[in-house]
Structures are given as structure tokens and as C-alpha cells.
1. Name the long-range amide H neighbours of Val39: under 5 Å, sequence gap of 5 or more, or other chain; modelled H, no Pro or chain starts.
2. Report Rg (one decimal) and Dmax (nearest whole number) for the range 56-181, counting Cα atoms only, units Å.
3. When only Cα pairs under 8 Å and 6 or more residues apart are kept, what is the percent relative contact order across the chain?
4. From zero up to wherever the largest Cα-Cα distance of the chain sits, split into 5 Å bins and tell me the percent of pairs in each.
5. Averaged per residue, what accessible surface does the range 1-121 expose to a 1.4 Å probe, in Å²?
6. Need the full-extension length gain, His74 to Ser17, defined as separation in residues times 0.36 nm minus the C-alpha distance. One decimal, nm.
7. Hey, what number do you get for the chain at 222 nm if only DSSP H runs of n ≥ 4 count, each worth -39500 (n - 2.57), divided across all residues, to the nearest 500?
8. Could you tell me, in Å, what Rg and Dmax come out for the Cα atoms of the range 19-127?
Amino acid sequence: MTRLAVLSDYPEEGWPSMDLAASMLVEAGRRIGPPELDVAEICPPFRRLATRLPALGARRAALNADRLLNRMWHYPRCAAGLRTRFDLFHVADHSYAQLVHALPPERTGVFCHDLDAFRSILDPGREPRPAWYRAIARRVLAGLGRAAVVFHSTDPIREEILRHGLVPAERLVKVAYGTAAEFVPTGPGGAPGAAPGSYLLHVGSCIARK
């Protein structure tokens, strides 16, 4: 039996597209994966510190402080404890690639959906950020570069990764996004799905870059 850990985002961060990508990967692995593959979704509890403070808890800065603490301290400590429990590791979101530093990199893959998390380093003129932010981005980017495999969904993402020299070509693997059952002509259990010729465009969120 091969034990695969899929490390997902904290739901408290509010990135539903990344939450969906991880949960659907786990579901598909269990439903149509090889019988010798045991898939588990991993996400430790989100610890609140700043957001519990009476005077600061409701502020955006408090949430960001908790996000930073959980991403860079608590989650990596949890990941380190998984090293002997699983054979393979998949980081579902490239912006969590700092976890690779706590995992065995030779057994870890990361899905790189885009390079927006690293714009402050790759193109600082267009996206200036404070020094502390850039330091964190470098830590995350270094984790991406250590992974044994970096998955990407499109050729333009691959080309951008190679242009910046982030990951060698031999460690890049193209994996197109899947299609949920409700968007195929025949839905679950033979029920009608999407009508032929109909389309749905989903961009993940309504932030400006989308």
C-alpha cells in the first residue's frame, strides 16, 4: 500500500478554488485511483492568537498575523510529523510550498497553479512589497524549487517557470484540471448533466487580477 498525503490550504484563508482542487483530488484518488493507493487529506487546525485579542481581533491585520503564524510555523511542524506516516506528499497549492522544507523533498510534489505569489520577487517593479513579505515569498519559492515534481496545468505556466529558471524542465509535469461529474453530459448515476454546447467559466475569485 502506498500512502499519499494531500496537504490542503487552511479553509479559514478563504480560497475556495484551492480547497476544491485538494478535496476533488482526494475524492478522485479514492474513487478511481489504483487499489494500492491510500489517499488522505491533511490540514491541521487553524490556531487563532491575534484574532482572539479583544482590541485587535476584528482587524484584517490580526487575521494576516494568524495566517502568517499558521503557514510558516504551525503547518510546517505538523508536516514534519508526517514524514514517516506517508510515502508520498502532494502540496495542493504552490503558495504553501514552504511545507517542502519540512517534508522529504524527494518524495514531495507541488501543484503550481500560477506565479502570482512570487511576483514581488520575479517582477518587483510591477509589484513592490515590504522586505518581510519578499523574505516569506523567497522561502516559499525555495520550497517549490526543492520539490521532486512540480505539476502545472498549462503550457504558458510551464514556459514562465522555465523562463525564470525556477524548476528544471525534467521535474515539470503537465496535469490538466479535471471535470466534475455535474459538468459532463451524463452526471452521477446516469442523471443528466450539462447540456451539450453549454459552458461555465469559473475564474476562482473576483480579485482584480482575475
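1. The list, which skips near neighbours in sequence, is Leu4.
2. 15.5, 47
3. Working: 291 pairs, mean separation 33.4, N = 210.
That works out to 16 percent.
4. All Cα pairs, binned at 5 Å, distribute as 1, 6, 12, 17, 19, 17, 12, 8, 5, 2, 0 percent.
5. On the way: 6000 Å² over 121 residues.
That works out to 50 Å² per residue.
6. Details: separation 57, 0.36 × 57 = 20.52 nm, distance 2.27 nm.
Residue separation times 0.36 nm, minus the Cα-Cα distance, leaves 18.3 nm.
7. -9000 deg cm²/dmol
8. 16.5, 52
The values are calculated or read from the model by the stated rules, or taken from the named source; none is laboratory data. Since the model is a prediction, treat every value here as computed from it, not as a measurement. So basically every Cβ, Gly included, is an ideal-geometry build from the backbone, and we count neighbours across all protein chains shown. For accessibility, only protein heavy atoms count, side chains too; no ligands or nucleic acids. Shrake-Rupley method; radii C 1.70, N 1.55, O 1.52, S 1.80 Å.
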